[in-house]
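**Q** To start, I am sharing the structure in question, which I have written as C-alpha coordinates.
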Amino acid sequence: MNQWTNFTKGFIKENAVFVLLLGLCPTLAVTSSAINGMGMGLATTFVLVCSNMVVTLVKSFIPDKVRIPAFIVIIASFVTIVELVMQAYVPALFDTLGIFIPLIVVNCLVLGRAEGFASKQSFISSLIDGLGMGLGFTFALTLLGSVREMLGNGSIFDVKFTTGDAILVFILQPGAFIVLGYLIAIINKLRKTA
Amino acid sequence: MAKKVKSSFINMVLTLMIITVVASLALGSVYNLTLEPIAAAKKAARERAIKLVLPAFDSLNSFKVPMPADPELTAGNGDQDSLEFHQAFENGTLVGTAISTFSNQAYDPTQIQIMVGFLPGGIIDSTVVTQQKETPGLGTKMADPKFNGQFAGKNPATFNLYVTKDGGQVDAITASTISSRAVCDALRRAYATFESYKSDGGNE
(Lines give C-alpha, C1' and ligand atoms only; values in the text may rest on other atoms or scores of the structure.)
Protein backbone atom coordinates (compact mmCIF):
# COMPACT_ATOMS: atom_id res chain seq x y z
CA MET A 1 0.00 0.00 0.00
CA ASN A 2 1.18 3.50 -0.77
CA GLN A 3 2.44 4.77 2.62
CA TRP A 4 1.48 8.39 1.93
CA THR A 5 -2.16 7.42 1.30
CA ASN A 6 -1.93 5.18 4.35
CA PHE A 7 -0.82 8.17 6.43
CA THR A 8 -3.28 10.77 5.09
CA LYS A 9 -6.39 8.60 5.08
CA GLY A 10 -6.89 9.29 8.80
CA PHE A 11 -7.39 13.02 8.30
CA ILE A 12 -10.51 13.21 6.13
CA LYS A 13 -11.22 10.07 4.11
CA GLU A 14 -11.28 7.66 7.06
CA ASN A 15 -11.29 10.16 9.90
CA ALA A 16 -11.97 8.26 13.12
CA VAL A 17 -14.48 10.75 14.50
CA PHE A 18 -16.16 12.30 11.47
CA VAL A 19 -16.34 9.30 9.15
CA LEU A 20 -15.79 6.06 11.07
CA LEU A 21 -17.59 7.44 14.17
CA LEU A 22 -15.15 5.59 16.43
CA GLY A 23 -14.05 6.68 19.89
CA LEU A 24 -16.98 9.00 20.42
CA CYS A 25 -17.12 8.59 24.20
CA PRO A 26 -13.88 10.49 24.92
CA THR A 27 -14.61 12.75 21.95
CA LEU A 28 -17.85 14.01 23.42
CA ALA A 29 -16.61 14.07 27.00
CA VAL A 30 -13.33 15.97 26.81
CA THR A 31 -13.70 18.49 23.99
CA SER A 32 -14.96 21.33 26.15
CA SER A 33 -11.94 23.38 25.09
CA ALA A 34 -9.46 23.31 22.21
CA ILE A 35 -6.48 22.54 24.41
CA ASN A 36 -8.25 19.63 26.12
CA GLY A 37 -9.15 18.17 22.73
CA MET A 38 -5.62 18.50 21.43
CA GLY A 39 -4.05 17.02 24.56
CA MET A 40 -6.39 14.03 24.53
CA GLY A 41 -5.71 13.55 20.81
CA LEU A 42 -1.95 13.57 21.22
CA ALA A 43 -2.04 11.18 24.19
CA THR A 44 -4.25 8.82 22.17
CA THR A 45 -1.90 9.09 19.20
CA PHE A 46 1.01 7.98 21.38
CA VAL A 47 -0.87 4.96 22.73
CA LEU A 48 -2.18 4.12 19.25
CA VAL A 49 1.30 4.13 17.69
CA CYS A 50 2.78 2.03 20.53
CA SER A 51 -0.05 -0.51 20.61
CA ASN A 52 -0.09 -0.82 16.80
CA MET A 53 3.65 -1.54 16.81
CA VAL A 54 3.44 -4.18 19.54
CA VAL A 55 0.31 -5.84 18.15
CA THR A 56 1.86 -6.18 14.72
CA LEU A 57 4.99 -7.73 16.26
CA VAL A 58 3.16 -10.33 18.34
CA LYS A 59 0.30 -11.03 15.93
CA SER A 60 1.74 -14.32 14.68
CA PHE A 61 2.02 -15.77 18.21
CA ILE A 62 -1.49 -14.99 19.42
CA PRO A 63 -4.16 -17.66 19.01
CA ASP A 64 -7.12 -16.26 17.11
CA LYS A 65 -9.71 -16.81 19.86
CA VAL A 66 -7.90 -14.84 22.55
CA ARG A 67 -6.65 -11.98 20.39
CA ILE A 68 -9.07 -9.35 21.79
CA PRO A 69 -8.14 -9.88 25.48
CA ALA A 70 -4.48 -9.94 24.46
CA PHE A 71 -4.83 -6.62 22.61
CA ILE A 72 -6.71 -5.04 25.53
CA VAL A 73 -3.94 -6.00 27.96
CA ILE A 74 -1.32 -4.50 25.64
CA ILE A 75 -3.30 -1.26 25.24
CA ALA A 76 -4.08 -0.94 28.95
CA SER A 77 -0.41 -1.44 29.82
CA PHE A 78 0.65 1.37 27.51
CA VAL A 79 -2.01 3.69 28.89
CA THR A 80 -0.82 3.07 32.45
CA ILE A 81 2.80 3.59 31.44
CA VAL A 82 1.89 6.89 29.77
CA GLU A 83 0.01 7.96 32.88
CA LEU A 84 2.86 7.16 35.27
CA VAL A 85 5.57 8.68 33.08
CA MET A 86 3.59 11.88 32.55
CA GLN A 87 2.90 12.19 36.26
CA ALA A 88 6.58 11.80 37.05
CA TYR A 89 8.25 13.95 34.42
CA VAL A 90 5.68 16.44 33.11
CA PRO A 91 3.42 17.08 36.14
CA ALA A 92 2.15 20.36 34.63
CA LEU A 93 0.83 18.59 31.54
CA PHE A 94 -0.53 15.78 33.70
CA ASP A 95 -2.54 18.31 35.72
CA THR A 96 -4.35 19.36 32.56
CA LEU A 97 -4.73 15.94 30.95
CA GLY A 98 -4.53 13.53 33.86
CA ILE A 99 -8.24 12.86 34.03
CA PHE A 100 -8.49 11.90 30.35
CA ILE A 101 -5.57 9.49 30.15
CA PRO A 102 -7.37 6.43 31.62
CA LEU A 103 -10.19 7.06 29.13
CA ILE A 104 -7.87 6.02 26.30
CA VAL A 105 -8.24 2.36 27.32
CA VAL A 106 -11.92 2.41 26.42
CA ASN A 107 -11.34 4.23 23.13
CA CYS A 108 -12.51 1.77 20.50
CA LEU A 109 -10.38 3.58 17.93
CA VAL A 110 -7.25 2.06 19.50
CA LEU A 111 -8.72 -1.43 19.69
CA GLY A 112 -10.27 -0.99 16.24
CA ARG A 113 -6.93 -0.24 14.62
CA ALA A 114 -5.23 -3.10 16.50
CA GLU A 115 -7.89 -5.56 15.40
CA GLY A 116 -8.70 -4.20 11.96
CA PHE A 117 -5.30 -3.08 10.75
CA ALA A 118 -2.22 -3.88 12.84
CA SER A 119 -3.09 -7.55 13.28
CA LYS A 120 -3.02 -7.99 9.48
CA GLN A 121 -0.40 -5.57 8.16
CA SER A 122 3.37 -5.12 8.24
CA PHE A 123 5.25 -3.28 10.97
CA ILE A 124 5.90 -0.09 8.93
CA SER A 125 2.32 0.10 7.64
CA SER A 126 0.94 -0.29 11.18
CA LEU A 127 3.27 2.38 12.52
CA ILE A 128 2.23 4.86 9.83
CA ASP A 129 -1.43 3.91 10.19
CA GLY A 130 -1.26 4.57 13.94
CA LEU A 131 0.40 7.93 13.39
CA GLY A 132 -2.04 9.00 10.67
CA MET A 133 -5.18 7.84 12.45
CA GLY A 134 -3.95 9.36 15.71
CA LEU A 135 -3.20 12.74 14.19
CA GLY A 136 -6.54 12.67 12.35
CA PHE A 137 -8.22 11.98 15.69
CA THR A 138 -6.26 14.88 17.23
CA PHE A 139 -7.37 17.14 14.36
CA ALA A 140 -11.03 16.18 14.88
CA LEU A 141 -10.90 16.69 18.66
CA THR A 142 -9.10 20.02 18.34
CA LEU A 143 -11.64 21.24 15.78
CA LEU A 144 -14.57 20.13 17.91
CA GLY A 145 -12.99 21.62 21.04
CA SER A 146 -12.25 24.92 19.26
CA VAL A 147 -15.81 25.35 18.03
CA ARG A 148 -17.27 24.51 21.44
CA GLU A 149 -14.83 26.78 23.24
CA MET A 150 -15.48 29.67 20.82
CA LEU A 151 -19.26 29.41 21.14
CA GLY A 152 -19.42 28.39 24.77
CA ASN A 153 -16.65 30.38 26.41
CA GLY A 154 -15.83 33.14 23.91
CA SER A 155 -12.20 32.09 23.70
CA ILE A 156 -9.89 29.91 21.66
CA PHE A 157 -6.89 28.07 23.18
CA ASP A 158 -7.69 30.02 26.37
CA VAL A 159 -7.32 33.39 24.59
CA LYS A 160 -10.47 35.40 25.28
CA PHE A 161 -11.95 37.37 22.37
CA THR A 162 -15.16 38.50 24.02
CA THR A 163 -15.92 39.87 27.43
CA GLY A 164 -18.66 38.38 29.51
CA ASP A 165 -20.35 35.03 29.18
CA ALA A 166 -20.97 33.11 25.98
CA ILE A 167 -23.51 30.40 25.06
CA LEU A 168 -22.94 28.03 27.95
CA VAL A 169 -24.82 25.09 26.42
CA PHE A 170 -21.92 24.45 24.03
CA ILE A 171 -19.61 23.67 26.95
CA LEU A 172 -22.23 21.33 28.41
CA GLN A 173 -22.86 17.81 27.08
CA PRO A 174 -25.74 18.70 24.70
CA GLY A 175 -23.42 21.18 22.98
CA ALA A 176 -21.00 18.36 22.22
CA PHE A 177 -23.69 16.44 20.34
CA ILE A 178 -24.94 19.53 18.49
CA VAL A 179 -21.49 20.63 17.32
CA LEU A 180 -20.42 17.08 16.43
CA GLY A 181 -23.59 16.63 14.36
CA TYR A 182 -23.00 19.81 12.38
CA LEU A 183 -19.30 19.05 11.86
CA ILE A 184 -20.09 15.54 10.57
CA ALA A 185 -22.64 17.03 8.15
CA ILE A 186 -20.15 19.61 6.87
CA ILE A 187 -17.31 17.09 6.49
CA ASN A 188 -19.57 14.65 4.65
CA LYS A 189 -20.76 17.42 2.31
CA LEU A 190 -17.13 18.33 1.60
CA ARG A 191 -16.22 14.67 0.99
CA LYS A 192 -19.10 14.24 -1.49
CA THR A 193 -18.30 17.36 -3.50
CA ALA A 194 -14.51 16.92 -3.43
CA MET B 1 -1.91 -11.42 5.89
CA ALA B 2 -0.42 -13.37 8.74
CA LYS B 3 -1.31 -17.01 9.15
CA LYS B 4 -3.78 -17.47 11.96
CA VAL B 5 -2.61 -19.57 14.88
CA LYS B 6 -5.01 -22.38 15.65
CA SER B 7 -6.53 -21.95 19.11
CA SER B 8 -6.13 -24.77 21.57
CA PHE B 9 -6.72 -24.69 25.30
CA ILE B 10 -3.00 -24.92 26.06
CA ASN B 11 -1.78 -22.19 23.72
CA MET B 12 -4.60 -19.79 24.67
CA VAL B 13 -3.81 -20.11 28.38
CA LEU B 14 -0.08 -19.89 27.75
CA THR B 15 -0.31 -16.85 25.48
CA LEU B 16 -2.55 -14.91 27.83
CA MET B 17 -0.34 -15.83 30.76
CA ILE B 18 2.82 -14.71 29.01
CA ILE B 19 1.24 -11.44 27.91
CA THR B 20 -0.12 -10.60 31.35
CA VAL B 21 3.15 -11.55 33.06
CA VAL B 22 5.16 -9.39 30.66
CA ALA B 23 2.67 -6.55 31.09
CA SER B 24 2.79 -6.74 34.89
CA LEU B 25 6.59 -6.86 34.88
CA ALA B 26 6.69 -3.81 32.62
CA LEU B 27 4.17 -1.93 34.73
CA GLY B 28 5.89 -2.88 37.97
CA SER B 29 9.24 -1.62 36.80
CA VAL B 30 7.79 1.59 35.39
CA TYR B 31 5.96 2.12 38.69
CA ASN B 32 9.19 1.66 40.65
CA LEU B 33 11.10 3.95 38.33
CA THR B 34 8.53 6.71 38.54
CA LEU B 35 7.72 6.38 42.25
CA GLU B 36 10.38 8.84 43.39
CA PRO B 37 9.96 11.41 40.60
CA ILE B 38 6.19 11.41 41.24
CA ALA B 39 6.68 11.98 44.98
CA ALA B 40 9.24 14.71 44.23
CA ALA B 41 6.90 16.37 41.74
CA LYS B 42 4.06 16.31 44.28
CA LYS B 43 6.30 17.78 46.98
CA ALA B 44 7.49 20.51 44.60
CA ALA B 45 3.89 21.25 43.66
CA ARG B 46 2.94 21.53 47.35
CA GLU B 47 5.83 23.91 48.04
CA ARG B 48 4.88 25.96 44.98
CA ALA B 49 1.32 26.12 46.26
CA ILE B 50 2.48 27.27 49.72
CA LYS B 51 4.61 30.01 48.11
CA LEU B 52 1.59 31.12 46.07
CA VAL B 53 -0.76 31.58 49.00
CA LEU B 54 1.56 33.27 51.51
CA PRO B 55 3.79 36.36 51.63
CA ALA B 56 7.55 35.80 51.23
CA PHE B 57 9.08 33.56 53.89
CA ASP B 58 12.39 31.83 54.58
CA SER B 59 11.46 28.81 56.70
CA LEU B 60 8.53 26.45 57.11
CA ASN B 61 7.23 24.48 60.06
CA SER B 62 4.80 21.73 58.99
CA PHE B 63 2.60 19.73 61.36
CA LYS B 64 -0.87 18.23 61.63
CA VAL B 65 -3.74 19.79 63.53
CA PRO B 66 -6.89 17.82 64.43
CA MET B 67 -10.15 19.23 63.10
CA PRO B 68 -12.72 20.49 65.61
CA ALA B 69 -15.47 17.94 66.31
CA ASP B 70 -18.22 19.72 64.39
CA PRO B 71 -20.41 17.20 62.53
CA GLU B 72 -20.77 19.59 59.59
CA LEU B 73 -16.99 19.55 59.11
CA THR B 74 -16.26 15.92 59.89
CA ALA B 75 -19.16 14.07 58.23
CA GLY B 76 -18.03 11.90 55.33
CA ASN B 77 -14.32 12.46 55.88
CA GLY B 78 -13.45 8.81 56.40
CA ASP B 79 -10.36 8.46 58.56
CA GLN B 80 -9.07 11.96 57.83
CA ASP B 81 -9.38 13.85 61.10
CA SER B 82 -6.64 16.44 60.78
CA LEU B 83 -5.33 19.06 58.36
CA GLU B 84 -1.74 19.81 57.43
CA PHE B 85 -0.55 23.20 58.67
CA HIS B 86 2.52 24.91 57.24
CA GLN B 87 3.59 27.87 59.37
CA ALA B 88 5.82 30.26 57.45
CA PHE B 89 8.46 32.42 59.16
CA GLU B 90 10.49 35.31 57.83
CA ASN B 91 13.48 36.16 60.09
CA GLY B 92 11.81 34.29 62.94
CA THR B 93 8.49 36.16 62.72
CA LEU B 94 5.33 34.30 61.74
CA VAL B 95 4.06 35.74 58.43
CA GLY B 96 1.22 33.33 57.78
CA THR B 97 -0.09 29.78 57.87
CA ALA B 98 -0.80 27.71 54.77
CA ILE B 99 -3.38 25.00 55.38
CA SER B 100 -3.88 22.09 53.04
CA THR B 101 -7.63 21.53 53.20
CA PHE B 102 -10.07 19.34 51.29
CA SER B 103 -13.70 18.65 50.55
CA ASN B 104 -15.51 15.45 49.60
CA GLN B 105 -18.62 17.32 48.48
CA ALA B 106 -17.45 18.02 44.94
CA TYR B 107 -19.30 16.97 41.80
CA ASP B 108 -16.71 14.32 40.96
CA PRO B 109 -16.30 11.78 43.80
CA THR B 110 -12.59 12.59 43.83
CA GLN B 111 -11.62 14.77 46.73
CA ILE B 112 -10.77 18.38 45.91
CA GLN B 113 -7.75 19.79 47.69
CA ILE B 114 -7.08 23.46 48.28
CA MET B 115 -4.09 25.24 49.76
CA VAL B 116 -5.27 28.29 51.64
CA GLY B 117 -2.99 30.88 53.20
CA PHE B 118 -4.11 32.74 56.35
CA LEU B 119 -2.32 35.87 57.55
CA PRO B 120 -1.72 35.89 61.33
CA GLY B 121 -4.99 37.79 61.94
CA GLY B 122 -7.10 35.17 60.18
CA ILE B 123 -7.49 37.05 56.90
CA ILE B 124 -7.23 34.85 53.79
CA ASP B 125 -4.16 35.87 51.82
CA SER B 126 -5.07 33.73 48.82
CA THR B 127 -6.10 30.22 47.84
CA VAL B 128 -4.99 27.77 45.19
CA VAL B 129 -6.70 24.57 44.09
CA THR B 130 -4.14 21.77 44.15
CA GLN B 131 -6.32 18.82 43.17
CA GLN B 132 -9.68 18.57 41.45
CA LYS B 133 -11.32 16.41 38.79
CA GLU B 134 -14.44 18.46 38.15
CA THR B 135 -16.23 18.71 34.80
CA PRO B 136 -13.84 20.34 32.30
CA GLY B 137 -15.03 23.82 31.38
CA LEU B 138 -17.47 24.04 34.30
CA GLY B 139 -16.33 22.95 37.75
CA THR B 140 -12.69 23.36 36.70
CA LYS B 141 -13.31 27.10 36.76
CA MET B 142 -12.93 26.87 40.53
CA ALA B 143 -9.20 27.32 39.89
CA ASP B 144 -9.71 30.51 37.83
CA PRO B 145 -8.99 33.91 39.37
CA LYS B 146 -12.55 35.04 38.67
CA PHE B 147 -13.90 32.60 41.26
CA ASN B 148 -10.84 31.86 43.36
CA GLY B 149 -9.80 35.52 43.59
CA GLN B 150 -12.87 36.54 45.57
CA PHE B 151 -11.49 34.98 48.76
CA ALA B 152 -8.28 37.03 48.85
CA GLY B 153 -8.23 39.65 51.59
CA LYS B 154 -11.45 38.37 53.21
CA ASN B 155 -11.72 37.50 56.88
CA PRO B 156 -14.02 34.47 57.30
CA ALA B 157 -15.09 35.91 60.68
CA THR B 158 -17.04 38.60 58.75
CA PHE B 159 -17.19 37.12 55.25
CA ASN B 160 -19.87 34.43 55.10
CA LEU B 161 -18.23 31.39 53.42
CA TYR B 162 -21.38 30.05 51.75
CA VAL B 163 -22.54 30.57 48.17
CA THR B 164 -25.19 33.29 47.74
CA LYS B 165 -27.82 30.63 47.00
CA ASP B 166 -27.26 29.27 50.53
CA GLY B 167 -27.39 32.73 52.07
CA GLY B 168 -23.65 33.43 51.99
CA GLN B 169 -21.45 35.94 50.21
CA VAL B 170 -19.59 33.73 47.73
CA ASP B 171 -20.51 34.15 44.06
CA ALA B 172 -20.88 30.61 42.70
CA ILE B 173 -19.55 29.57 39.28
CA THR B 174 -22.33 29.61 36.67
CA ALA B 175 -23.76 26.08 36.33
CA SER B 176 -21.35 24.71 38.96
CA THR B 177 -23.00 25.39 42.28
CA ILE B 178 -21.93 21.99 43.61
CA SER B 179 -18.25 22.63 42.87
CA SER B 180 -18.53 26.13 44.37
CA ARG B 181 -20.14 24.71 47.52
CA ALA B 182 -17.30 22.19 47.80
CA VAL B 183 -14.73 24.99 47.72
CA CYS B 184 -16.62 26.86 50.46
CA ASP B 185 -16.83 23.63 52.46
CA ALA B 186 -13.05 23.16 52.22
CA LEU B 187 -12.36 26.77 53.23
CA ARG B 188 -14.75 26.61 56.20
CA ARG B 189 -12.97 23.44 57.33
CA ALA B 190 -9.59 25.20 57.12
CA TYR B 191 -10.81 28.30 58.97
CA ALA B 192 -12.53 26.37 61.77
CA THR B 193 -9.40 24.27 62.32
CA PHE B 194 -7.24 27.41 62.23
CA GLU B 195 -9.46 29.08 64.86
CA SER B 196 -9.60 26.03 67.14
CA TYR B 197 -5.82 25.69 66.93
CA LYS B 198 -5.48 29.33 68.02
CA SER B 199 -7.92 29.00 70.92
CA ASP B 200 -6.12 25.85 72.07
CA GLY B 201 -3.10 28.05 72.74
CA GLY B 202 -1.06 27.47 69.59
CA ASN B 203 0.77 30.56 68.39
CA GLU B 204 -1.34 31.96 65.56
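**Q** Which of the residues spanning segment A:57-69 are within 18 Å of A:GLY130 (Cα to Cα) and at the interface with chain B (Cβ under 9 Å from one of its Cβ atoms)?
**A** A:VAL58, A:LYS59
**Q** While we're looking at this one, here's another question. For segment B:156-202, name all the residues that are acidic (Asp, Glu) and in contact (Cβ under 8 Å) with a residue 60 or more places away in the chain.
**A** Listed by number, the residues that qualify are B:ASP185, B:GLU195.
**Q** Do we find that B:SER7 is more than 30 Å from B:ALA88 (Cβ to Cβ) and facing chain A (nearest Cβ under 7 Å) in this structure?
**A** For B:SER7, the condition - more than 30 Å from B:ALA88 (Cβ to Cβ) and facing chain A (nearest Cβ under 7 Å) - is met.
**Q** Given the structure, is A:ILE186 β-branched (Val, Ile, Thr) and free of Cβ contacts under 8 Å to residues at least 60 places away in the same chain?
**A** yes
**Q** Looking only at segment B:20-77, count how many residues are among the β-branched types (Val, Ile, Thr) and over 30 Å from B:SER199 (Cβ atoms).
**A** Count: 6.
**Q** Residues in segment B:33-50: is at least one closer than 30 Å to B:GLY121 by Cα and at the interface with chain A (Cβ under 7 Å from one of its Cβ atoms)?
**A** yes
**Q** Let me ask another. For B:GLY92, only one of the following conditions fails: (1) small (Gly, Ala, Ser); (2) on the phi > 0 side of the Ramachandran plot; (3) surrounded by 12 or more Cβ atoms within 10 Å (Cβ to Cβ). What is its number?
**A** Exception for B:GLY92: condition (3).
**Q** Can I ask one more? Taking the condition touching a Cys at 6+ places or on another chain (Cβ under 9 Å) and either buried (at least 17 other Cβ atoms within 10 Å of the Cβ) or among the hydrophobic types (A, V, I, L, M, F, W, C) (or both), does A:LEU22 pass?
**A** Against the criterion (touching a Cys at 6+ places or on another chain (Cβ under 9 Å) and either buried (at least 17 other Cβ atoms within 10 Å of the Cβ) or among the hydrophobic types (A, V, I, L, M, F, W, C) (or both)), A:LEU22 qualifies.
**Q** Can you say whether A:PHE78 is modelled with pLDDT of 85 or more, within 13 Å of the chain's Cα centre (by Cα) and in a helix (DSSP H, G or I), as far as the supplied structure shows?
**A** The answer is no for A:PHE78.
**Q** Only one of (1) more than 8 Å from chain B (Cβ to nearest Cβ); (2) assigned to a helix (DSSP H, G or I); (3) closer than 27 Å to B:MET12 by Cβ fails for A:GLU83. Which number is that?
**A** (3)
**Q** So, in segment B:17-55, exactly how many residues are touching a strand residue (DSSP E or B) at 6+ places or on another chain (Cβ under 9 Å) and over 30 Å from B:MET115 (Cβ atoms)?
**A** 0
**Q** Also, I was wondering about something else. If you scan segment B:33-71, which residues turn out to be within 20 Å of B:ILE112 (Cβ to Cβ), in contact (Cβ under 8 Å) with a residue 24 or more places away in the chain and surrounded by fewer than 11 Cβ atoms within 10 Å (Cβ to Cβ)?
**A** none
**Q** I'd like the full set of residues that are surrounded by 14 or more Cβ atoms within 10 Å (Cβ to Cβ) and more than 7 Å from chain A (Cβ to nearest Cβ), limited to segment B:19-32.
**A** B:VAL22
**Q** Right, here's the next one. Quick one: which strands (runs of 3 or more DSSP E) sit completely within segment B:87-204 and have at least 1 residues that are within 20 Å of the chain's Cα centre (by Cα) and modelled with pLDDT under 85?
**A** Strands (runs of 3 or more DSSP E) meeting the threshold: B:124-131.
**Q** Which one is nearest to A:VAL49 (Cα to Cα) among residues in segment A:102-131 that are among the small types (Gly, Ala, Ser) and more than 11 Å from the chain's Cα centre (by Cα)?
**A** Filtering segment A:102-131 for residues that are among the small types (Gly, Ala, Ser) and more than 11 Å from the chain's Cα centre (by Cα), the one nearest to A:VAL49 (Cα to Cα) comes out as A:SER126.
The values are calculated or read from the model by the stated rules, or taken from the named source; none is laboratory data. Quick caveat, the model's predicted, so the values are computed rather than measured. Cβ sites come from the backbone with ideal geometry, for glycine too, and all protein chains shown count toward neighbours.
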